[in-house]
């Protein structure tokens, strides 16, 4: 069964949810939807998105398993800077503002279990990538073309 | 489950039902946002509810860990017992075939936040798994306690 720490957390979870779940809000309108399509090896999605709550879904039309990793760039970091770091295999963590949100999809399938919700703010820049590789030592999919930069308008 | 835990669970169930109902619609007919459940990552546990009502649910994630953590969410396949899946995972064996294809996760390095959420339409009576598969010194965090089940209520 679960370890002691997890068991303790399980007991705490009940009380946490009392505060955590009671936070539904009332938007002016339903969130926008952006559908991302992954292929071998590219992403199809707009270069820019509108500000506001947005639900992102992911479909994999390739023959390889893919992921869609979203990270927000730090304010002031340009799309060019981030793209150059990726191209040079340099660490991008210093350039990103947040942790990441990831969706997975098997070949030829749509992820109908989980989607990502982001409240985009005007002027933000986000990166989309697939960090998978087809085999040990093979280039990451992002180096093969599965890398996009998105601006919030 | 001891008595105190049972009482808290009953109270949580009641409140969740009320909140879920309140979040589902409005008198003006305007769509309302799904409720938000915050999962908290620790070294090495995931703090989250044991059960939730069905319907669209937003999962946010924060971590007070000293190493990177993630919360991955997957839907357990029909016919797979949640306890069995958790036992397999805690042993370090592969559970990939025990949940449906199509997962999502939120990742945080220490001190980071993430301004994105996972949106899951929780299906009535189904089980979900919450897991951190990152490794520390070659050992998956899941085998150290960072895996748990989430049961969706039937009513």
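How crowded by other chains is A:67-79, given as the mean number of beta carbons from other chains within 10 Å of each beta carbon?
Mean shielding by partner chains, rounded to a whole number: 1.
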Three-way shape call for region A:39-132 based on the alpha-carbon gyration tensor, with the a/c threshold at 1.5: oblate
Quickly work out the residue B:93-to-residue A:144 label distance, labels modelled 7 Å from Cα along the C-beta direction, and quote it in nm with one decimal. 3.2 nm
Per residue of A:100-109, how many C-beta atoms from partner chains lie within 10 Å of its own C-beta, taken as a mean? 5
Using the alpha-carbon centroid of each, what span in Å lies between region B:105-138 and region A:135-153? 22 Å
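Using packing as a proxy for protection, rank A:87-96, A:34-43 so that the peptide with the highest average count of other Cβ atoms within 10 Å comes first.
The packing order, highest mean first, is A:34-43, A:87-96.
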Rounded, prolate or oblate: which one fits region B:77-137, using the alpha carbon gyration tensor with axes a ≥ b ≥ c (rounded when a/c is under 1.5, else prolate when a/b beats b/c, else oblate)? oblate
Which of B:146, B:81, B:98 comes first, and how do the rest follow, when ranked by fewest Cβ neighbours within 10 Å? B:81, B:98, B:146
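Let me know the shape class of region B:49-155, please: from the alpha-carbon gyration tensor, a ≥ b ≥ c as square roots of the eigenvalues, rounded when a/c is under 1.5, otherwise prolate if a/b is greater than b/c, or oblate. Write out the running numbers ahead of the final one.
Values: a/c = 2.17, a/b = 1.21, b/c = 1.80.
Oblate, because a/c is 1.5 or more while a/b does not exceed b/c.
Just want the ordering: B:122, A:149, from fewest to most Cβ atoms lying within 10 Å of their own Cβ.
Starting with the residue having the fewest Cβ neighbours, the order is A:149, B:122.
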Order these peptides, B:136-144, A:49-57, A:62-70, by their mean beta-carbon neighbour count within 10 angstrom, highest first. A:62-70, A:49-57, B:136-144
Starting from the 7 Å offset along Cα-to-Cβ, what nm value, one decimal, do you get for the label separation of residue B:78 and residue B:124? 1.4 nm
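Values in this text are rule-based calculations from the coordinates and carry no lab data. If you're wondering where the values come from, they're calculated on a predicted model, not measured in any experiment. Using ideal geometry, Cβ is built from the backbone for each residue, glycine included, and neighbour counts are taken over all protein chains shown.
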